[in-house]
Amino acid sequence: MIAITIQQGRLFDPANQLDVITDLHINHGRIIAIGEAPADFTASKVIDAKDMLVIPGLIDLSTRLGEPGLEHFTTIARETKAAVAGGITSLCAMPDTDPVNDTFAVTELIQRRARQAETAYVLPVGALTKGLKGEALSEMVAMHREGCVAFSQANQPVVNTQTLFNAFDYAATHKLLVMMRPIDAYLGKDGVAHRGAISSALGLPDIPSAAETLALARLLLLAEETGVRLHLSQISTARAVEMIHDAQARGLPVTADVAIHNLHLTEFDVADFASFMHVQPPLRSQRDRDALRAGVKAGVISAICSDHTPLMHDDKLLPFPESVPGISGLESLLPLLLALVREHILTLEQAIKAVTHQPASLLGINRGSLQVGAPADIAIVDLETDWLFNRRQLMSAGDNTPFHKWPFTGKVHTTLFQGRVVHQPKLA
């Protein structure tokens, strides 16, 4: 481990109400001082961060990293390189791998691959039920001991309410976090677009808002009954924001996140049958998008994620209804967040907090801050760089992004993970 000084950057850390231009010093993989260096400290490397923003490395609550199951297409090593190129140093890996992450053996495999890559902190999320089939409970306690930070069904609902109740009750007993995307098993099952004027005009099978809110009501009632810590993943509707707000007001231990693309895009972006806009949950109405933005501002939605799903090129060449849903989102998360700040939709504090301190608190991990003693997971961002997002230049194996050629201002300059530089611009 080399000793590093990040010199004269704007240190911005919502967790500690820090916003100051000063130096930050790193040794043995941790932050050892802010401001004046310790008397016995000598930096082996100095990073000039003048006129740049220095923030904690981002924490992404929903990603798919290719392993196990898609090694012929991509790997944890490759996708974590894409993550740090976007300033993300901690990633929750969803359990819908092949095989499903429903045993401690798969959990250990994911962690071993991440350790071998040495690029970012990969946090396995275990399957709530075996095979994600919604029938028998997985070995949650054993998987938690092995390193699973939470348990989820990914995009698979649990049809049997008794099974879901048992899972919540068991998780509550052992103080385990459950992350659930509200999905009705039948309503809108074959849909591909939000139920509204656009899906009707295009003749696309639709997904009504009730497909989310009906499932959400069920989840909230069971959470109230069992006392489980429930995190609601990738919510997409205005009514869901209201329901979660009401549950939080009643004291339920309920949190939520939203995918960054649902804060920018709406059903109107599907109008030309662009398969890159095919996502689950679907792009909703402008009213829904505005309510999601307001939910983040109000703190009802505590985290913003990429919902990164790298897909093979042919998966998006099919007609819209037959294409595979998903966005390769690691490298667009931060620029899209900064765009919301520039448009005065979110403050810089609200935006950065939603991808650092708040997801760290939710997961119970010692990440997401620039506090002395914390792991030196850091992103240095040039806020003034203007650039065009280009799918052909992505580090991820998946080029399935709807943001190709979008103009952005603000780009990651350098990323450190555990005190090591893991991403930096190539020298000319």
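Listing for the model above:
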read-out: Extreme residue, nearest to Glu79 (Cα to Cα), among residues of the range 299-317 that are in contact with an Asp or Glu (Cβ under 8 Å, 6 or more places away or on another chain) and outside any loop (DSSP other than H, G, I, E, B); value: His308
read-out: Unmet requirement for Gln234, which otherwise passes all of (1) surrounded by fewer than 23 Cβ atoms within 10 Å (Cβ to Cβ); (2) under 17 Å from Ala259 (Cα atoms); value: (1)
read-out: Filter result (assigned to a loop (DSSP other than H, G, I, E, B), closer than 13 Å to Asp315 by Cα and among the aliphatic types (A, V, I, L, M)) within the range 269-279; value: Ala274, Val279
read-out: Number of positions in the range 61-93 that are acidic (Asp, Glu) and either touching a helix residue (DSSP H, G or I) at 6+ places or on another chain (Cβ under 7 Å) or over 18 Å from Leu311 (Cβ atoms) (or both); value: 1
read-out: Complete set of residues in the range 364-379 that are touching a helix residue (DSSP H, G or I) at 6+ places or on another chain (Cβ under 8 Å), part of a loop (DSSP other than H, G, I, E, B) and touching a residue at least 24 places away in the same chain (Cβ under 8 Å); value: Arg367, Gly368, Ser369, Leu370, Gln371
read-out: Selection count, the range 279-335, where residues are polar (S, T, N, Q), touching a helix residue (DSSP H, G or I) at 6+ places or on another chain (Cβ under 9 Å) and under 18 Å from Asn155 (Cβ atoms); value: 3
read-out: Some residue of the range 154-162 being assigned to a helix (DSSP H, G or I), touching a residue at least 60 places away in the same chain (Cβ under 8 Å), closer than 19 Å to Glu224 by Cα and β-branched (Val, Ile, Thr); value: yes
read-out: Only listed residue being in the same structural domain as Asp184 (by TED's automatic domain parsing), out of contact with any Lys or Arg (no Cβ under 8 Å at 6 or more places or on another chain), of a type in the set (A, V, I, L, M) and surrounded by fewer than 20 Cβ atoms within 10 Å (Cβ to Cβ), chosen from Ala210, Ala223, Ala247; value: Ala210
read-out: Any hit, the range 12-31, residues being over 27 Å from Ile304 (Cβ atoms), hydrophobic (A, V, I, L, M, F, W, C), surrounded by fewer than 18 Cβ atoms within 10 Å (Cβ to Cβ) and assigned by TED's automatic domain parsing to the domain that holds Arg391; value: no
read-out: Residue in the range 244-260 that is small (Gly, Ala, Ser) and out of contact with any strand residue (DSSP E or B) (no Cβ under 7 Å at 6 or more places or on another chain) present; value: yes
read-out: Members of the range 216-269 found to be at negative phi and out of contact with any Leu (no Cβ under 9 Å at 6 or more places or on another chain), listed by number; value: Ala217, Leu221, Glu225, Thr226, Glu242, His245, Gln248, Ala249, Arg250, Ala259
read-out: Out of Phe165, Phe151, sole residue that is of a type in the set (Phe, Trp, Tyr), farther than 26 Å from Leu265 by Cβ, crowded, with 24+ Cβ neighbours inside 10 Å and assigned by TED's automatic domain parsing to the domain that holds Ala105; value: Phe151
read-out: Residue in the range 382-391 that is surrounded by fewer than 23 Cβ atoms within 10 Å (Cβ to Cβ), in contact with a Leu (Cβ under 8 Å, 6 or more places away or on another chain) and aromatic (Phe, Trp, Tyr) present; value: no
read-out: Candidate set from the range 280-298 (those that are part of a loop (DSSP other than H, G, I, E, B) and surrounded by 23 or more Cβ atoms within 10 Å (Cβ to Cβ)); member that is farthest from the chain's Cα centre (by Cα); value: Arg284
read-out: Test result for Gly410, assigned to a loop (DSSP other than H, G, I, E, B) and either surrounded by 16 or more Cβ atoms within 10 Å (Cβ to Cβ) or not assigned by TED's automatic domain parsing to the domain that holds Leu230 (or both); value: no
read-out: Test: residue in the range 38-50 that is part of a loop (DSSP other than H, G, I, E, B) and surrounded by 23 or more Cβ atoms within 10 Å (Cβ to Cβ); value: yes
read-out: First in the range 336-348 and surrounded by 14 or more Cβ atoms within 10 Å (Cβ to Cβ), second anywhere and of a type in the set (Lys, Arg), Cβ under 6 Å, 6 or more apart; value: Ile345/Arg293
read-out: Residue within the range 320-335 that is small (Gly, Ala, Ser), buried (at least 21 other Cβ atoms within 10 Å of the Cβ), touching a His at 6+ places or on another chain (Cβ under 8 Å) and more than 20 Å from Thr63 (Cα to Cα) present; value: no
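The values are calculated or read from the model by the stated rules, or taken from the named source; none is laboratory data. Since the structure is predicted, the reported quantities are computational estimates derived from the model, not experimental observations. Cβ atoms come from the backbone with ideal geometry, glycine included; neighbour counts cover every protein chain shown.
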